[in-house]
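S.K.: Got a structure for you, questions after.
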Amino acid sequence: MITTSTAAPSPSPLLSETFSLLSLLLISITVLLILRHYLPLRTTPAYLLLPVFFALFLPASIGLLVPIDLASPLDSSSSSPIPKGIWLPPAALRVGWRITYWLTFALTWFILPILAEYSDSGFREPKAKVLDSLRANAQYYAVVFGSGLMGFVYVLWSYGKFDASLKGTIMALAYCWGLVLAIYLMGHGLVSIPRRLFRSADVSGRLRRLQCHAPRIYEKMEDAEMELEDLELQVGELGRRKGGSAELFRDWIEELVDMVSLEAQMTPSNARRAVRGTGNERGLPNVITEKWLAELTRDLVRARHARSRYGSEWNRLLEEVVRTQAILDSAGSKRLDFGKGTRTVGSTSLWERASLFTPYTRYLFHYHVAPYLRMALGGGLGLASVCIVWSELVKDLFPSLSVIRYTVIHHDPLGESGGQVGLAGQAIAAFWLLYMCAAALISITEVKVWRGRALVKRNTAPESAFWYASQVARLSVPLSYNFMTFLGSALYKDTVFYGFLGKLIDLTPLGEWFNYLFPAFILLPVFATLFGLYGKVQTMFGFGAAFGMGGEDEDDGEGEEERFYGTGSWREGRDLIERELNGTSASVRNNRRAELGSSTNGGGGRRGGPILSIPRSSTGSSARAPTTPFATSPTSGGGGNRHQANTSARRVGRDRGQVTLSNDGDDENFFEALGHRMKNTIDTFDTPDWFKGFGEGIKKPKWMGGDDNGGGSGKGGGDIRRWFGGGGDGSSSSGGGQGRIRL
């Protein structure tokens with residue numbers, strides 16, 4: 001009797017392929033919506049739109065390939081276990097990884113850097129733009145190729161074969177550089193995201209931080225407008241020059257003049273300065289050259305984008321302040337309506353217009369429910385950050401202790417085969433990978449980078465769009481492979497991704513040890529962000545806020561509130577916001593700019609910066625802030641008049657791009673500053689009668705500048721506050737006697 005055994009039919013990947021195609025379509029739509037948010041699609045040229053689209057689409061597709069690769073069998077034989085999730089054949093995965101990786105590699109290292117400098121070049125002709133871009137990237141490529149040559153020599157000496165050495169060197173070096181950047185940025189973001197959610201749960205604290213940010217954003221916006229005005233004056237003077245070398249570039253000069261004229265027509269009249277010029281106008285050279293015109297064109301375009309950037313930040317801050325203030329004010333009326341308050345700054349969104357909330361339910365949600373939701377989400381993401389850091393530390397020595405491994409592998413996680421990933425595990429793996437990428441990418445937006453790169457709604461500069469897209473493409477592959485190492489070597493070495501990239505990384509002992517040990521350095525950015533070391537290092541070396549990665553994490557904390565308390569930071573921001581919302585800031589800006597245009601210093605043509613008067617309450621610097629954000633400062637007489645420290649003004653002088661702060665007390669030493677602080681403190685309270693005569697009869701020696709009169713016999717001498725430089729007669733210098741403070 002002959003028995004025939006029939007093998008079980010292999011499962012069909014039709015459903016998985018359909019799901020993958022639909023997912024790619026959804027990713028494409030999402031990327032287009034992101035591009036539409038930051039770029040005007042109709043006017044954006046194709047050479048910018050297509051590379052940026054693929055630079056975002058390909059990394060997002062990697063986030064889809066990784067979970068599919070984890071659940072797919074390495075071979076299609078009948079002996080392989082039946083997949084429990086979305087899977088694809090090994091051949092399809094291998095083609096997908098090759099296309100995705102090499103296109104991402106080409107975009108990151110060649111296409112996007114060249115196009116970024118091409119778009120930033122000021123030349124007119126495309127050939128001149130390309131040559132200028134290649135010259136700008138020459139140093140960058142020299143460093144890249146030099147490092148690649150040294151790495152190639154090491155791999156050839158260690159591996160001994162030439163066939164895989166070149167490709168392995170290229171892929172391993174690109175991975176190592178991307179991993180260094182990804183680990184540092186991700187460590188910062190793993191702390192920044194939960195902290196931001198926790199701080200945003202406090203509505204009053206959120207409003208105070210917005211008020212603290214307002215003076216700096218407002219000053220940057222005015223500086224950008226002044227810089228643009230100076231360049232426009234230079235272009236206008238260039239357009240009036242007749243004859244000489246200017247006639248050789250007449251068409252180019254007329255284009256610049258037309259650009260400036262169009263900008264003046266599109267800008268509202270109340271937003272322009274009353275007096276053009278700041279005393280720091282740039283002179284024209286005797287001979288106009290093509291290189292000088294290219295630099296002028298580039299500076300003009302950068303200045304326009306800088307003004308658009310800070311103007312957008314200022315409008316966004318105003319909108320956030322209006323919303324936050326409306327939430328605080330709704331505590332009394334139990335009703336909340338954002339439409340009436342935000343239309344003065346910007347139109348409401350479609351989501352809010354179509355919202356099913358009534359004013360009362362909106363108040364309940366934003367005032368009572370939303371803070372707890374933010375805290376719950378911040379706690380959950382904080383726990384996820386701890387799990388990621390812990391998995392980075394134990395994945396090499398104790399892989400069985402990795403928390404992420406047990407959240408992804410649900411079927412036999414401790415088996416010899418490393419377990420099997422199901423549909424739920426794929427969804428959780430996608431979440432982990434998405435959170436790691438979000439932590440790294442949100443840190444990019446907080447880095448104070450050169451050239452003032454920023455993402456602006458509907459008006460992002462082309463060079464900034466290329467730069468941010470290149471960073472997204474550069475970080476996607478290292479983060480994806482680093483995530484797969486959390487799951488144990490038995491599982492991730494049985495994937496197509498490891499056969500394509502992992503073997504080349506582990507080709508040499510140096511690459512293998514680097515891949516395992518370097519991620520442990522994630523503790524450095526985590527602790528630096530958690531304990532505010534960036535600000536301490538900046539202060540120690542005198543950099544201020546010019547460098548580093550402090551971002552909002554270090555600016556929004558209690559440290560800044562205490563550091564700027566008593567210097568008018570949040571009060572000044574409150575007044576700026578109040579004037580802007582009341583419609584009086586336009587006239588204030590025009591008057592201030594008129595003063596700037598008329599007051600120039602001799603010698604170097606240095607222009608004066610904005611003079612910001614800092615109001616003070618008569619209770620001194622020790623008085624706490626009022627509870628109501630837009631309320632006036634308390635006064636000693638209980639009336640509505642506020643004392644102004646007229647001599648306490650911050651003058652920001654700029655000479656050739658350098659910023660100097662000139663205050664009355666900048667040259668004080670430690671003991672003089674301490675004496676002024678003690679005087680300001682004592683001047684704010686009334687001395688009891690039984691204590692006023694305590695200093696009578698005490699006489700200063702003649703070598704200390706004393707006279708024959710006793711300490712209490714002179715004018716106001718009976719007050720012990722005279723010992724600290726104060727007095728009740730009000731005859732002291734500015735800052736004494738009347739509750740005023742001298743800075």
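The values are calculated or read from the model by the stated rules, or taken from the named source; none is laboratory data. Remember, it's a predicted structure, so these values are computed and weren't measured experimentally. Heads up, the Cβs are rebuilt from the backbone with ideal geometry, glycines too, and the neighbour counts pull from every protein chain shown. The area values use the complete protein model at the heavy-atom level, side chains included, leaving out ligands, DNA and RNA. Shrake-Rupley method; radii C 1.70, N 1.55, O 1.52, S 1.80 Å.
S.K.: Give all pairs with beta carbons closer than 9 Å in which a residue from the range 241-253 that is under 16 Å from Phe123 (Cα atoms) and in contact (Cβ under 8 Å) with a residue 60 or more places away in the chain meets a residue that is open to solvent by 40 Å² or more (accessible area, probe 1.4 Å) and not in a loop (DSSP other than H, G, I, E, B); count only pairs at least 6 apart in sequence or on separate chains.
M.R.: Trp252/Glu290
S.K.: Looking at Leu70, Leu41, Leu22, Leu26 in this structure, which one is surrounded by fewer than 18 Cβ atoms within 10 Å (Cβ to Cβ) and either at pLDDT below 95 or at positive phi (or both)?
M.R.: Only one candidate passes the filter, namely Leu41.
S.K.: Tell me, which helices (runs of 4 or more DSSP H) wholly within the range 124-232 include 1 or more residues that are modelled with pLDDT of 95 or more and more than 30 Å from Ser391 (Cβ to Cβ)?
M.R.: Hits in the range 124-232: 126-136.
S.K.: Now for a different question. State whether the residues of the range 471-491 include one that is modelled with pLDDT under 90 and of a type in the set (D, E, K, R).
M.R.: So far as the range 471-491 goes, no, none of its residues is modelled with pLDDT under 90 and of a type in the set (D, E, K, R).
S.K.: Do we have Asp258 as open to solvent by 70 Å² or more (accessible area, probe 1.4 Å) and modelled with pLDDT of 90 or more here?
M.R.: yes
S.K.: Just to be sure, is Leu393 modelled with pLDDT under 95 and farther than 30 Å from Ala224 by Cβ?
M.R.: yes
S.K.: Right, Asp230: more than 30 Å from Asp299 (Cβ to Cβ) and acidic (Asp, Glu) or not?
M.R.: no
S.K.: Let me ask you something else. Quick check on the range 336-370: of everything there that is part of a loop (DSSP other than H, G, I, E, B) and surrounded by 14 or more Cβ atoms within 10 Å (Cβ to Cβ), which residue is modelled with the highest pLDDT?
M.R.: Leu336
Conditions (1) within 26 Å of the chain's Cα centre (by Cα); (2) over 29 Å from Val191 (Cβ atoms), marked per residue:
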{"residue": "Pro478", "(1), (2)": "yes, no"}
{"residue": "Tyr481", "(1), (2)": "no, no"}
{"residue": "Leu487", "(1), (2)": "no, no"}
{"residue": "Ala490", "(1), (2)": "no, yes"}
{"residue": "Phe500", "(1), (2)": "no, yes"}
{"residue": "Phe514", "(1), (2)": "no, no"}
{"residue": "Ala528", "(1), (2)": "yes, no"}
{"residue": "Phe531", "(1), (2)": "yes, no"}
{"residue": "Lys536", "(1), (2)": "yes, no"}
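S.K.: For a quick check of your reading: which helices (runs of 4 or more DSSP H) sit entirely within the range 415-510 and have at least 3 residues that are surrounded by 22 or more Cβ atoms within 10 Å (Cβ to Cβ) and touching a Pro at 6+ places or on another chain (Cβ under 9 Å)?
M.R.: Because the criterion is at least 3 residues that are surrounded by 22 or more Cβ atoms within 10 Å (Cβ to Cβ) and touching a Pro at 6+ places or on another chain (Cβ under 9 Å), the helices (runs of 4 or more DSSP H) in the range 415-510 that meet it are 423-446, 462-484.
S.K.: Do any residues in the range 364-382 that are on the phi > 0 side of the Ramachandran plot and in contact (Cβ under 8 Å) with a residue 60 or more places away in the chain have Cβ atoms under 8 Å from those of residues that are surrounded by 16 or more Cβ atoms within 10 Å (Cβ to Cβ) and among the hydroxyl-bearing types (Ser, Thr, Tyr), where the two are at least six apart or on different chains, and which pairs are they?
M.R.: Matching pairs, first to second residue: none at all.
S.K.: A follow-up question, please. Looking at (1) open to solvent by 60 Å² or more (accessible area, probe 1.4 Å); (2) of a type outside the set (Gly, Ala, Ser); (3) farther than 30 Å from Arg374 by Cβ, find the lone condition where Leu228 falls short.
M.R.: For Leu228, the failing item is (1).
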